[in-house]
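Engineer: Following this message is one structure expressed as structure tokens.
The values are calculated or read from the model by the stated rules, or taken from the named source; none is laboratory data. Worth saying up front: this structure is predicted, and the values here are computed from it rather than measured. Note that we place each Cβ from the backbone using ideal geometry, even for glycine, and neighbour counts take in every protein chain shown.
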2 protein chains.
Amino acid sequence: MGYQGLIKKYKKYLPVTEKTPDITLLEGDTPLIKSTNLSKELGINLYFKYDGLNPTGSFKDRGMVMAVAKAVEEGSKAIICASTGNTSASAAAFAARYNLDCYVLIPDGNIAMGKLAQALMYGAKVISIEGNFDDALNIVRDIAKTEPITLVNSVNPYRLQGQKTAAFEVCDELGKAPDYLAIPVGNAGNISAYWMGFNEYKNDGKINNLPTLLGFQAEGAAPIVKNEVVKDPQTIATAIKIGNPASWDKAVNALKESNGQINAISDEKILEAYKMLASREGIFAEPASCITLAGVLNLKEKGVFKGGETVVCVLTGNGLKDPTTSLSQIPTPQKIKATKENVMKLINEK
Amino acid sequence: MGYQGLIKKYKKYLPVTEKTPDITLLEGDTPLIKSTNLSKELGINLYFKYDGLNPTGSFKDRGMVMAVAKAVEEGSKAIICASTGNTSASAAAFAARYNLDCYVLIPDGNIAMGKLAQALMYGAKVISIEGNFDDALNIVRDIAKTEPITLVNSVNPYRLQGQKTAAFEVCDELGKAPDYLAIPVGNAGNISAYWMGFNEYKNDGKINNLPTLLGFQAEGAAPIVKNEVVKDPQTIATAIKIGNPASWDKAVNALKESNGQINAISDEKILEAYKMLASREGIFAEPASCITLAGVLNLKEKGVFKGGETVVCVLTGNGLKDPTTSLSQIPTPQKIKATKENVMKLINEK
């Protein structure tokens, strides 16, 4: 038997009891891909932690397996979440597999096409509301208080417990923590979870160092950077289009403890990095993920890196989740008559 | 250091020389997911080899890493392929990463949205032609004969060499070959590659048994089942919409040697299995992949399985590649006003 999922692999570090059911979609165990081209240009050891290769295409599976395991352990028959898409896909998949009802609240205009397809295919009851993510989160929190339905948003403490395993995997792979960890910040759960993971590994003697955290928010959805709630967040990076992050305090604390920094990146720079990551490294990640590469490029310009540092960019979701954004970036080809001559003419065009 | 890609892991079995460059996108190493619900109902040990979790979302990365490594070894600066989408995505990704030019010919109306987005984002020159896959393949074969451009379709022998690693992984995981391997058949390269892999592992003493192969073609694109070329293949499963398979003879031979069988499955049954796989097992695969589950259900009805057999369904591609087909299957939800009462009303509806 090979890999058996996150709960079995990292049991020692997770809130698992004898009664926790052995559930898995074989989430986690995602590749840490070494940069081929950009590393050389930037003069750093650049890696991409590609969590888009989780079973539902995003890092959310790491936390969801833990949250659903605990929900089942506690006898719950239904789960609910508010989601810009990745959380709902993950919740719906685990619910399908373990026979729970699943309700997902999708805020108005905030969901990428692939993510909606996932939630529906996995059989969740998808409820689309007029309002933003924060409105949706308020409603599901209310419902979980009064109904026998488990809330699986990242306010569910088991979510961050599961998510911290990504930090373990990075360290297992490198044999140490990286010098810098660049990470998208939306609801701010993941940066908090990574920090928890690095610290637990250090306390356990698995690593001797801790990374400096580099958080990035989209300019139009940068509440932590601006230190104020954003009422109407706007960004093409829908996965981090959040104006009032649930794990705000935890993220600020992690940034402080790691001597890190958090910066805002424009949609234009996010889209540039999105194309660069695919066309230079062969990695297709969703726009929100690519903010980490955009951010690292920006900090390189500012002289933050001296050279030779190990930098890990967290890529939280698969580019296939959002084909619409990519197709809007590049013109689709015109159809031509099927002859060798016609094809050669196009090949010889520069 | 953990996993370092297929070429390093299975070097012994691959046509690798000292000059073969060490290239990888960390392809392969995909999960073999045990069925939670359908296994019980069918009375078999059902597994899904989910190759949709390769870096570009399909099994094509296994063969492409090998084909591109050899192209680079031979000094090639450009690669070309005809593709219904998965091959082009994979070729484009490796070309981006290793600085080759990449040209992909896409047949008319044969490509899923996500796959087109991938090829374009990875920076390939995408050429859309009037004609079907077989027309496109003829043109790229012609071009590769006269131009300094390496053909990376599965007629490139290194492709099947790389693809056979999926059989190795299944055996490594189970500690044996499964009793049955169910696999989609389009261009017929993959069934041939799996059979080669199982045989090499058996000859090397890694396994003692060989599986019975169960091949499946879509009813409207079933040349091997019908034993005649299909001039105008039609199916919703675009990845296997092929009327004149390149590896036809190899596939027929593999089926014969394994005492296997090949059957045609209707689009209706493919779509049923597509929804069933997502909503009962939490696995979202592209329609062509789901033909294996549809086929296993069909053979169960026919009494092929006695009970207790280990059956592996090969899932070749990620469901996110084709969001359009999934969204056409399930009505998208209407937006409602954001109140707890409105949401509870929908939750309580059955």
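Engineer: Being modelled with pLDDT of 95 or more, in a loop (DSSP other than H, G, I, E, B) and surrounded by fewer than 24 Cβ atoms within 10 Å (Cβ to Cβ), is that true of even one residue in the stretch B:180-201?
Structural biologist: No, that holds for no residue.
Engineer: Please enumerate the residues belonging to the stretch B:202-212 that are in contact with a strand residue (DSSP E or B) (Cβ under 8 Å, 6 or more places away or on another chain) and either modelled with pLDDT under 95 or not in a strand (DSSP E or B) (or both). Quick ask: steps written out before the conclusion?
Structural biologist: Restricting attention to the stretch B:202-212, the residues satisfying the condition of being in contact with a strand residue (DSSP E or B) (Cβ under 8 Å, 6 or more places away or on another chain) are B:211-212.
Within the stretch B:202-212, just B:P211 meets the criteria.
Engineer: Kindly indicate the residue of the stretch A:1-53 that is of a type in the set (K, R) and in contact with a strand residue (DSSP E or B) (Cβ under 8 Å, 6 or more places away or on another chain) and also nearest to A:A239 (Cα to Cα) among those meeting that condition.
Structural biologist: Taking the stretch A:1-53 as the starting set, the residues that turn out to be of a type in the set (K, R) are A:8-9, A:11-12, A:19, A:34, A:40, A:49.
From what's left, in contact with a strand residue (DSSP E or B) (Cβ under 8 Å, 6 or more places away or on another chain): A:34, A:49.
Working: A:K34: 24, A:K49: 17 Å.
Step by step, filter the stretch A:1-53, then rank; the result is A:K49.
Engineer: Could you list, in sequence order, the residues of the stretch B:96-124 that are in a helix (DSSP H, G or I) and facing chain A (nearest Cβ under 8 Å)? Let's see the steps before the verdict.
Structural biologist: Filtering the stretch B:96-124 for residues in a helix (DSSP H, G or I) gives B:96-97, B:113-121.
Those that are in a helix (DSSP H, G or I) and facing chain A (nearest Cβ under 8 Å): B:A96, B:R97, B:M113, B:G114, B:L116, B:A117, B:Q118, B:L120, B:M121.
Engineer: Let me ask something else about it. State whether the residues of the stretch B:184-195 include one that is farther than 19 Å from B:N244 by Cβ and in contact (Cβ under 8 Å) with a residue 12 or more places away in the chain. Quick ask: steps written out before the conclusion?
Structural biologist: Taking the stretch B:184-195 and keeping what is farther than 19 Å from B:N244 by Cβ, we get B:194-195.
So of that shortlist, the ones also in contact (Cβ under 8 Å) with a residue 12 or more places away in the chain come out as B:194-195.
Yes, because at least one residue in the stretch B:184-195 is farther than 19 Å from B:N244 by Cβ and in contact (Cβ under 8 Å) with a residue 12 or more places away in the chain.
Engineer: Now, a different point. Starting from residues that are of a type in the set (K, R) and over 13 Å from A:T24 (Cβ atoms), keep the ones in the stretch A:55-97 and report whichever is surrounded by the fewest Cβ atoms within 10 Å (Cβ to Cβ).
Structural biologist: Start the filter on the stretch A:55-97 by keeping residues that are of a type in the set (K, R), which leaves A:60, A:62, A:70, A:77, A:97.
Restricting the remaining residues to those that are over 13 Å from A:T24 (Cβ atoms) gives A:60, A:70, A:77.
Working: A:K60: 34, A:K70: 25, A:K77: 12.
Out of the qualifying residues, it is A:K77.
Engineer: Another question, if that's okay. All but one of (1) over 15 Å from the mean Cα position of the chain (by Cα); (2) more than 14 Å from every other protein chain (Cβ to nearest Cβ) hold for B:T238; state the number of the condition that does not hold.
Structural biologist: (1)
Engineer: While we're on this one: When you scan the stretch A:38-70, how many residues do you find that are away from chain B (no Cβ under 11 Å), polar (S, T, N, Q) and in contact (Cβ under 8 Å) with a residue 60 or more places away in the chain?
Structural biologist: So the answer is 1.
Engineer: Among the numbered criteria (1) outside the structural domain of B:G215 (by the TED database); (2) over 19 Å from the mean Cα position of the chain (by Cα); (3) part of a helix (DSSP H, G or I), which one does B:I129 miss?
Structural biologist: (3)
Engineer: If you don't mind, another one. In the set A:E286, A:E281, which member is within 14 Å of another protein chain (Cβ to nearest Cβ), out of contact with any Gly (no Cβ under 8 Å at 6 or more places or on another chain), acidic (D, E) and crowded, with 24+ Cβ neighbours inside 10 Å?
Structural biologist: Values: A:E286 fails: out of contact with any Gly (no Cβ under 8 Å at 6 or more places or on another chain).
Of A:E286, A:E281, the one residue that is within 14 Å of another protein chain (Cβ to nearest Cβ), out of contact with any Gly (no Cβ under 8 Å at 6 or more places or on another chain), acidic (D, E) and crowded, with 24+ Cβ neighbours inside 10 Å is A:E281.
Engineer: Look at A:S88 and say whether it is of a type in the set (S, T, Y) and in contact (Cβ under 8 Å) with a residue 60 or more places away in the chain. Break it down stepwise before answering.
Structural biologist: Values: of a type in the set (S, T, Y): yes; in contact (Cβ under 8 Å) with a residue 60 or more places away in the chain: no.
Considered against the rule, which asks whether it is of a type in the set (S, T, Y) and in contact (Cβ under 8 Å) with a residue 60 or more places away in the chain, A:S88 comes out as no.
Engineer: Here's a follow-up. Given the structure, is B:K226 among the basic types (K, R), at pLDDT 95 or above and surrounded by fewer than 16 Cβ atoms within 10 Å (Cβ to Cβ)? Lay out the reasoning, then the answer.
Structural biologist: Working: among the basic types (K, R): yes; at pLDDT 95 or above: yes; surrounded by fewer than 16 Cβ atoms within 10 Å (Cβ to Cβ): yes.
So B:K226 passes the test.
Results for (1) modelled with pLDDT under 95; (2) in a strand (DSSP E or B), shown as yes or no for each residue.
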position	(1), (2)
A:V68	no, no
A:I80	no, yes
A:T84	yes, no
A:A92	no, no
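Engineer: Those residues that are more than 8 Å from chain B (Cβ to nearest Cβ), at pLDDT below 95, exposed (fewer than 14 other Cβ atoms within 10 Å of the Cβ) and part of a loop (DSSP other than H, G, I, E, B), I need them from the stretch A:307-350; list them, please.
Structural biologist: Once the filter is applied, which keeps residues that are more than 8 Å from chain B (Cβ to nearest Cβ), at pLDDT below 95, exposed (fewer than 14 other Cβ atoms within 10 Å of the Cβ) and part of a loop (DSSP other than H, G, I, E, B), the stretch A:307-350 yields A:P331, A:E349, A:K350.
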